[in-house]
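Participant: Below you will find the structure I want to go over with you.
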Amino acid sequence: MPKFSYEKPVPFVCVNCHQKTIGIRDINGLTKVKCPHCGTVTISRVMSRRHVSLDVYAPEGQTIMQ
């Protein structure tokens, strides 16, 4: 069952290089964003109204800067 009735642009800040970008959240609450600066892929899932799961994947051959 869809969590939202329409797709929506959402602002993102890359957790690797801190560059601002925009992602599109689909009707199921899933947002996939690839940073144009460093290539890090961020996947965000809306689990409930107070819980958002965030997965970060570093580009191949690199590690995420802490």
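Participant: Would you mind classifying region 6-66 by shape? Square roots of the alpha carbon gyration tensor eigenvalues, ordered a ≥ b ≥ c; an a/c under 1.5 is rounded, otherwise it is prolate if a/b is larger than b/c and oblate if not. Display every interim value, and only then the final one.
Facilitator: Numbers: a/c = 2.26, a/b = 1.73, b/c = 1.31.
Prolate is the answer for region 6-66, as a/c is 1.5 or above and a/b outweighs b/c.
Participant: Solvent-accessible area of VAL33, probe 1.4 Å, all protein chains present, reported in Å² to the nearest ten, please.
Facilitator: 10
Participant: Under 5 Å between amide H atoms, partner at least 5 residues away or on a different chain: which partners does THR40 have, H built in plane at 1.01 Å?
Facilitator: CYS35
Participant: Which percent of the accessible area of the chain is formed by carbon and sulfur heavy atoms (probe 1.4 angstrom)? Please report the intermediate quantities before stating the final value.
Facilitator: Details: 2760 of 5100 Å².
Carbon with sulfur: 54 percent of the solvent-accessible area.
Participant: Can you sort LYS32, LYS3, LYS20, LYS8 by solvent-accessible area, 1.4 Å probe, largest first? Write down the numbers at each step before the final one.
Facilitator: Details: LYS32 140, LYS3 105, LYS20 175, LYS8 80 Å².
Greatest to least solvent exposure: LYS20, LYS32, LYS3, LYS8.
Participant: Would you list ARG45, ARG25, ARG50 from the most to the least accessible area, probe 1.4 Å?
Facilitator: ARG50, ARG45, ARG25
Participant: Further question on the same structure: With an 8 Å cut-off on Cα pairs and a minimum separation of 6 or more residues, tell me the relative contact order of the chain in percent. Walk me through the numbers before you get to the answer.
Facilitator: Working: 119 pairs, mean separation 15.7, N = 66.
Relative contact order, the chain: 24 percent.
Participant: Give, rounded to the nearest 20 debye, the magnitude of the charge dipole that the chain has about its Cα centre when Lys and Arg contribute +1 at Cβ and Asp and Glu contribute -1 at Cβ.
Facilitator: Working: 9 positive and 4 negative charges, 64 e Å.
The calculation lands at about 300 debye.
Participant: For the chain, what is the accessible area per residue in Å², given a 1.4 Å probe and the full set of protein chains?
Facilitator: Numbers: 5100 Å² over 66 residues.
That works out to 77 Å² for each residue.
Participant: Once the dipole of region 1-53 is set up with Lys and Arg at +1 and Asp and Glu at -1 on Cβ about the Cα centre, which of THR31, SER53, THR42 lies farthest towards its positive end?
Facilitator: Comparing the listed Cα positions along the dipole, SER53 ranks first.
Participant: Something else now. Sort ILE43, ILE22 by heavy-atom solvent-accessible area, probe 1.4 angstrom, most to least.
Facilitator: Details: ILE43 25, ILE22 110 Å².
From most exposed to least exposed: ILE22, ILE43.
The values are calculated or read from the model by the stated rules, or taken from the named source; none is laboratory data. All figures in this text were calculated on a predicted structure; none of them were measured in a lab. No Cβ is skipped: glycine too gets one built from the backbone with ideal geometry, and neighbour counts run over all protein chains shown. For accessibility, only protein heavy atoms count, side chains too; no ligands or nucleic acids. Shrake-Rupley method; radii C 1.70, N 1.55, O 1.52, S 1.80 Å.
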